[in-house]
Ligand code: TXA
Ligand code: MG
């Protein structure tokens, strides 16, 4: 399949052409403020199937449905709980997904993986939002990466993973937040954060009071609530380890790995980079004084190692407050929770 690559500089007609492809049941990748999404008509089972095939995504992992105006939800959402409405008023359009009860027979079965709930979000990125507005359909859109890979924050990342497998890509530059939306589940008694993301737990609790977090859910050894959480995610080709310890410990780990013939790469803050003396492939992802920068550059940093001869990646763990919670969630998944801990 030929994959068209459009730039937003080509003019507004590209929105018309992209919307037409979506209406015909084809797949189009587009920028949102979090990451690039791979869109298809959420009411068309065959179109949605193309998303799963292009990504190599397991069929039991449901997709998020994207809309351009809240009134579109009348078509497919059964009911909006009061607290969910408060979050909508505060954070939409923006990086927040709500899991809500679905009206039967509206969204394609494969989009929700057979669940009777649906994840909904209204993105704030002008390109994504305009495409949704012109298409005027609920659009299922997971991150536009091959399943298991770091999510795409540039059109180039989408090309790396999906060229030849999807109909078109709209290049709207680098995404702003750089990590996916926060997913809040309203199916149970108490709102539960299934995936930390662009809106922090602190920001959500300020609006609706205490929420459960998926961490507690998993600690109780229940089945994962967001099916996506059980799969390997965000992983570059080389294995990743999180390194917790002082500079001497870092240097010791690097030396030991090199003695074993590994080519070590570091994914670290500007601050740590200025302290470590070892001459290894280092990708600096920003200052710990600006955690938003680190969030924005994380996935690109992870992907950059795939273009080097690095065989082992050592990454820095960060403080978990604010956006740090989402950063650490993605880093721990990329590392498969592997830590090297000094004393
Ligand atoms: O920022 C984002 O959310 C991006 C952009 C493109 O909007 N999309 C995204 O989609 O990250 P995806 O498919 O990569 O992640 C969706 C997550 C998965 O963990 C999935 O299991 C969960 O949301 N999810 C979707 N629908 C669900 C449902 N009905 N119940 C529970 N979890 C759901
Ligand atoms: Mg994803």
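Just so it is clear, none of the values below were taken in a lab; they were calculated from the coordinates. Everything numeric in this text was worked out from a predicted model, so none of it was measured. Cβ sites come from the backbone with ideal geometry, for glycine too, and all protein chains shown count toward neighbours.
For the chain, how big is the tail of P(r) above 32 Å, as a whole percent of Cα pairs?
On the way: 17619 of 58653 pairs.
Cα-Cα pairs of the chain separated by over 32 Å account for 30 percent.
Taking Cα centroids, how far is region 126-178 from region 294-343 in Å?
After rounding, the separation between the Cα centres reads 22 Å.
With the Cα gyration tensor of region 154-204 giving a ≥ b ≥ c as the square roots of its eigenvalues, does the rule (a/c under 1.5 for rounded; else a/b larger than b/c for prolate; else oblate) give rounded, prolate or oblate? Before the final figure, lay out the partial values.
Working: a/c = 4.19, a/b = 2.20, b/c = 1.91.
Prolate, because a/c is 1.5 or more and a/b exceeds b/c.
Quick one: order 55, 83 by neighbouring beta-carbon count within 10 Å, fewest to most.
On the way: 55 24, 83 18.
So the ranking, lowest neighbour count to highest, is 83, 55.
Just the number, please: percent antiparallel of the DSSP beta bridges in the chain, rounded to the nearest 5. Provide the component values of the computation, followed by the final result.
Details: 16 of 45 bridges.
For the chain, the DSSP antiparallel bridge percentage is about 35.
So what's the back-of-envelope 222 nm ellipticity for the chain, counting only DSSP H runs of four-plus at -39500 (n - 2.57) apiece and dividing by all residues, rounded to 500?
Numbers: 11 runs with 106 residues, N = 343.
-9000 deg cm²/dmol, from helical runs alone.
Can you tell me how much longer the chain between residue 280 and residue 339 gets when fully stretched, taken as 0.36 nm per residue apart minus their C-alpha distance, in nm with one decimal? It would help to have the intermediate numbers written out before the result.
Numbers: separation 59, 0.36 × 59 = 21.24 nm, distance 1.96 nm.
Taking residue 280 through residue 339 to full extension adds about 19.3 nm, to one decimal.
With Kirkwood's inverse mean 1/r over C-alpha pairs for Rh, give me the Rg to Rh ratio of region 21-158, two decimals please. Intermediate values should be presented prior to the final figure.
On the way: Rg = 13.8 Å, Rh = 14.8 Å.
A ratio of 0.93.
Modelled label-to-label distance, residue 53 and residue 287, 7 Å Cα→beta-carbon offset: nm?
The answer from the label model is 5.0 nm.
Measuring from a point 7 Å past the Cα of residue 248 along Cα-to-C-beta, which residues in region 318-343 have an amide N at less than 18 Å?
341-343
Let me know the whole percent of all Cα-Cα pairs from region 102-194 that are separated by more than 19 Å. Walk me through the numbers before you get to the answer.
Values: 2262 of 4278 pairs.
So the portion of pairs separated by more than 19 Å is 53 percent.
For region 1-79, just say rounded, prolate or oblate: build the C-alpha gyration tensor, square-root its eigenvalues into a ≥ b ≥ c, call rounded for a/c under 1.5, and beyond that prolate if a/b exceeds b/c, oblate if not. Can you show the working numbers first?
Working: a/c = 1.73, a/b = 1.20, b/c = 1.44.
Judged from the Cα gyration tensor, region 1-79 comes out oblate (a/c at least 1.5, b/c at or above a/b).
Give the Rg/Rh ratio for region 240-341, taking Rg as the radius of gyration of the Cα atoms and Rh as the Kirkwood radius, to two decimals. Before the final figure, lay out each step's value.
Values: Rg = 12.6 Å, Rh = 13.6 Å.
Computed over Cα atoms, the ratio is 0.93.
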